[in-house]
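Notes follow the structure.
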Amino acid sequence: GNQRVYNFSAGPSMLPLEVLERAGAEITNYQGSGMSVMEMSHRSKVFQKIFDDTKAKLRTLLNVPEEYEILFLQGGASSQFSMAPLNLIGKTGKADYAVTGNFSNIAYKEAQKYGQINLAASSADRNHTYIPTQDQLKLDPEASYFYYCANNTIYGTEWQYVPETNGVPIVCDMSSDILSRPVDVSKYGIIFAGAQKNMAPAGLTVVIIRRDLAGQELPYTPLMMNYKTMIDKDSMYNTPPCWCIYMLGLVLDWLESKGGVPGMQAIKHAKAQMLYDVIDSSKLFTCAVEPGSRSDMNVVFRTGNDELDAKFVKESVEAGFTNLKGHRSVGGMRASIYNAMPTEGVEKLCDFIRAFDQNN
Ligand code: PMP
């Protein structure tokens, strides 16, 4: 049909309707330039302004201090699993990793190619249903950096604190919760995120890096994986993901109109709480994630009966909700409720869950 659905995809995920409409209105002739942003030279004045404005908006909205650079790269968040060790591990040859889910585990294994990697914490013992406490982190004071993933998209857990590492730089994957809550950037060495959840279409990877951490890369670091190259050339050593950067600018305008990051934080927490309350008070559904570790972005739940889960997913599609099926590695259901998911969509999903609970 011609109706938009409530899309609970984990990513790429929904973008605000206002953003899509604005992009649509500007798609054949961007502000009198006679062309679409997709057709512009990345060296043109028009595009340079889009680039600079988008970077400035992100700096303001995330309160990024002056000594940090914002990079607009490609390769997905996954490219950072290699780029971070290649550039940072040379300092001492060692790094600490906390493994709290699928993507931090991939990063942990990738880093082992480049140095001595210490497993500072793992939540695998309880199937990644919790986030380790500060006391549980086994930190090496000689680590070149400490790595963790702020929000575990597949397992539905989210760190509720910033680890204290006593001066060891923190590298953090914020792919699935960036811009949903205020972040004290000064506590981090590197923050990175694939754009396709809370920021823009897939194809853009945002990296926020403290400038002094660049320039110590391993000698065989590929040119395109060298933070220094990208800092020196303001992310334009080669062609950047122009269209995605433009779209990020539109999303940031939208975000600002909604009260910025603090505005998002209030809305997203209320949305998630609504869902957790319905799940916790139902007779059929449970959320295995321990309270205190639950994600406000990805809400995982299940009935414990695979056939009933399948029935739920099937009926949810018929009711106008998509992508509620859990990740293939864990099963069950998952509602990804990023910034662009309207409160109304979550309310309707809550109604649907309540009705399913009564009728089955
Ligand atoms: N980190 C997290 C937390 C993710 O959720 C994902 C993708 N879902 C990735 C990394 C990988 O991102 P990409 O596909 O952009 O490489």
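The values are calculated or read from the model by the stated rules, or taken from the named source; none is laboratory data. For clarity, every value in this text was computed on a predicted model and none was experimentally measured. Cβ atoms come from the backbone with ideal geometry, glycine included; neighbour counts cover every protein chain shown.
Observations on the model:
- Pick from segment 168-180, criterion away from the ligand (no atom under 11 Å from the Cβ) and outside any loop (DSSP other than H, G, I, E, B), ranking: surrounded by the fewest Cβ atoms within 10 Å (Cβ to Cβ): 170
- Of the residues 97, 147, 130, 108, the single one that is outside the structural domain of residue 288 (by TED's automatic domain parsing), assigned to a helix (DSSP H, G or I) and among the hydroxyl-bearing types (Ser, Thr, Tyr) is 108.
- Where a residue in segment 156-184 is assigned by TED's automatic domain parsing to the domain that holds residue 144 and of a type in the set (Val, Ile, Thr) and its partner, wherever it lies, is outside any loop (DSSP other than H, G, I, E, B) and more than 11 Å from the ligand (Cβ to nearest atom), with Cβ under 6 Å and at least six apart: 162/187; 165/146; 168/146; 170/146; 171/84; 171/147; 171/190
- Among residues of segment 221-243, those that are under 18 Å from residue 85 (Cβ atoms) and either in a loop (DSSP other than H, G, I, E, B) or not assigned by TED's automatic domain parsing to the domain that holds residue 48 (or both), counted: 3
- All conditions but one from (1) in a loop (DSSP other than H, G, I, E, B); (2) within 17 Å of residue 294 (Cα to Cα) apply to residue 335; the one that does not is (1).
- Any hit, segment 111-133, residues being of a type in the set (S, T, N, Q), buried (at least 16 other Cβ atoms within 10 Å of the Cβ), within 16 Å of the ligand (Cβ to nearest atom) and touching a residue at least 40 places away in the same chain (Cβ under 8 Å): no
- A single entry from 14, 40, 35 fulfils the requirement of being in contact with a helix residue (DSSP H, G or I) (Cβ under 9 Å, 6 or more places away or on another chain), within 16 Å of the ligand (Cβ to nearest atom) and at pLDDT 95 or above: 14.
- The residues of segment 156-210 that are over 19 Å from residue 16 (Cβ atoms) and acidic (Asp, Glu), listed by number, are 158, 164, 173, 184.
- Of all residues in segment 181-189, one or more are within 16 Å of the ligand (Cβ to nearest atom), basic (Lys, Arg) and surrounded by fewer than 23 Cβ atoms within 10 Å (Cβ to Cβ).
- Segment 294-311: number of residues that are in contact (Cβ under 8 Å) with a residue 40 or more places away in the chain and more than 30 Å from residue 174 (Cα to Cα): 2
- Boolean, residue 153 is crowded, with 19+ Cβ neighbours inside 10 Å, more than 16 Å from the ligand (Cβ to nearest atom) and either under 15 Å from the mean Cα position of the chain (by Cα) or farther than 28 Å from residue 13 by Cα (or both): no
- Check on residue 140, among the acidic types (Asp, Glu), in a loop (DSSP other than H, G, I, E, B), farther than 28 Å from residue 324 by Cβ and assigned by TED's automatic domain parsing to the domain that holds residue 224: yes
- Number of positions in segment 294-318 that are in a loop (DSSP other than H, G, I, E, B) and either surrounded by 15 or more Cβ atoms within 10 Å (Cβ to Cβ) or not assigned by TED's automatic domain parsing to the domain that holds residue 349 (or both): 4
- For the residues 193, 200, the requirement of being closer than 19 Å to residue 248 by Cα, small (Gly, Ala, Ser) and in a strand (DSSP E or B) singles out 193.
- Residue in segment 136-150 that is more than 10 Å from the ligand (Cβ to nearest atom), without any contact (Cβ under 8 Å) to a residue 24 or more places away in the chain and among the polar types (S, T, N, Q) present: yes
- Among the residues listed as 101, 75, 90, the single one being within 14 Å of the ligand (Cβ to nearest atom) and either touching a residue at least 60 places away in the same chain (Cβ under 8 Å) or of a type in the set (A, V, I, L, M, F, W, C) (or both): 75
- Residue satisfying all of: in segment 203-220; in a loop (DSSP other than H, G, I, E, B) and within 16 Å of the ligand (Cβ to nearest atom); surrounded by the fewest Cβ atoms within 10 Å (Cβ to Cβ) among these: 203
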